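Before any comments, here is the structure.
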């Protein structure tokens, strides 16, 4: 039974792994054959070691169900289940998770996971006493390990070169790579339970007197899964930004994200650490942009139409809009982003002091792109009307995604229009930046969350734009801001630029990363 389970896991649950192996080993039949023999020996030695009374069947059932589930997502979407992917899954909500649990996935899990597990339960296993079992195990395990060693050494150079050049190969080894990353995630999460964020920016202050000017209102829109390559503002052949193209905005064409999944990118965007210095642990242990603004006396609110702020707004006002019973925008535990405009209508008239409103979109989150936009924005057709990509053509998937960008264009343009109406009373501005991009089938990848080291540009190249109201526009050099739109920018700029827009002076702000302050008219340093 142990040998059968081992071979079942290795041969039937590792389509992605073997496909990559054939490609990365360049079709070297001998190298692939010896690699397979070595892995088979390792799988057999592990499964035989687990075949002890009371533990054997539960362990094998766990391995089979895990491999069936993980194999589905790796084979269908090309994802790699690393620690950050596990974190992203752990922090999602039920509505988002349910869109991945399609009928096709359940059928796959039944055939490749549940039925083999039921067979294991049905088979009666007779266990020997411990001394006899130990001898039998050693008789299998020790030779298997020797075979694995010999097989590994036979083409060690080829294996080492392939794994060095292709970091995405070994992480697809199912089910052990996903299980190892799950354990790593659990250990890291347990270490964070009692973490208290250390304060930063306690010296923050607004540099000019509020009594001598209008209150400032900055709306920061955090996009979700919007990739820059599909923004017509950046040169995309389709007109996906018809409304924004009529606004006086600054669009930064070459902007990179901090991560490829919300659980990484979102905290990193608002962190004082740049991407090269950021880690999840450091982010949790340190206050962020919203705290610095609060220290300066700025009113800060986080409105969420997604899966939460990932602890970013833990110390400021945070409201979830997905729980609203709004028949126009909401259904099945999710809301379209139009609800953010309704909230802005209700709040903007009450702004009396310097305020930053953070609007966290659901944006273009997949795979159910068709749920992200209303019928009137279904302009690129035929569009994929399913969460199961195998039911749609590549054209239909792209059409549905482009419709989500079209709707985001509308949301941003309408938010700007509302700010324009308040310019007599408020000094207004809007900043939009997406958290990460999305793969739509390029290189066989779908969705997002690829390890950053090997992630394609579709997942890391994100849209970033800035709109300034009439008061703010008069304070900045248009030529300077336009010159910045062509240079490389990143999530690292967000914290410092927001502080600059709000005229917050603090040692935390890095002038080199603050696009606003260095383009302010008359600014000399």
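Read-outs: derived from the displayed coordinates by stated rules, not from any lab. Keep in mind that this is a model prediction, so the values were computed, not measured. Heads up, the Cβs are rebuilt from the backbone with ideal geometry, glycines too, and the neighbour counts pull from every protein chain shown.
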Quiz item: Kirkwood hydrodynamic radius of region 371-525 from all distinct Cα pairs, in Å?
Solution: 18.1 Å
Exercise. Give the order of 421, 396 when sorted by the count of other beta carbons within 10 angstrom, beginning with the fewest.
Key: 421, 396
Quiz item: To the nearest Å, what is the center-to-center distance of region 169-223 and region 256-304, using C-alpha atoms only?
Solution: 4 Å
Exercise. Take every Cα pair under 8 Å in the chain that's 6+ residues apart, average their separations, divide by the length, and report that relative contact order as a whole percent.
Key: 20 percent
Exercise. Evaluate the Kirkwood expression for the hydrodynamic radius of region 152-206, namely the inverse of the mean inverse distance over all pairs of different C-alpha atoms, and round to one decimal in Å.
Key: 15.4 Å
Quiz item: Considering only the chain, what is the antiparallel percent among its DSSP beta bridges, to the nearest 5?
Solution: 35 percent
Self-check item: Sorted by Cβ density within 10 Å, fewest first, the residues 264, 52, 219, 121
Solution: 121, 52, 219, 264
Practice problem: Of all alpha-carbon pairs in region 215-519, indicate the percentage at a distance above 31 angstrom. | Solution: 23 percent
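Counting every Cα pair in region 45-186, what percent are over 25 Å apart?
That tail contains 45 percent of the Cα-Cα pairs.
Kirkwood-based Rg over Rh for region 141-258 (C-alpha set), two decimals? Mind dumping the intermediate values first?
On the way: Rg = 26.4 Å, Rh = 22.0 Å.
Rg/Rh for region 141-258 comes to 1.20.
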Quiz item: Taking Cα atoms, how many degrees apart are the long axis of helix 176-191 and the longest axis of the chain, rounded to 10 and kept between 0 and 90?
Solution: 50 degrees
Quiz item: Quick one: helix 492-501 against the long Cα principal axis of the chain, what's the angle to the nearest 10°, folded into 0 to 90?
Solution: 20 degrees
Self-check item: region 421-493: equivalent-ellipsoid semi-axes (sqrt of 5 x gyration tensor eigenvalues, Cα, Å)
Solution: 34, 14, 9
Exercise. Starting with the fewest neighbours, write out 404, 478 ranked by other beta-carbon atoms found within 10 Å of each beta-carbon.
Key: 478, 404
Practice problem: Quote the convex hull volume per residue of region 289-428, based on C-alpha atoms, as a whole number of Å³. | Solution: 120 Å³
Self-check item: Mean residue ellipticity (222 nm) of the chain, computed from DSSP H runs ≥ 4 via -39,500 (n - 2.57), nearest 500
Solution: -13500 deg cm²/dmol
Quiz prompt | Mean Cα-pair separation over length for region 2-191, i.e. relative contact order, pairs under 8 Å, 6 or more apart, % | solution = 41 percent
Quiz item: What angle do you read, to the nearest 10 degrees and between 0 and 90, between the alpha-carbon axis of helix 56-77 and the longest principal axis of the chain?
Solution: 50 degrees
Exercise. Take the Cα coordinates of the chain, assign each an equal point scatterer, and use the Debye formula without solvent to give log10 I(q)/I(0) at q = 0.06 Å⁻¹.
Key: -0.35
Self-check item: Global size of region 1-125 as Cα Rg and Dmax, reported in angstrom
Solution: 16.2, 47
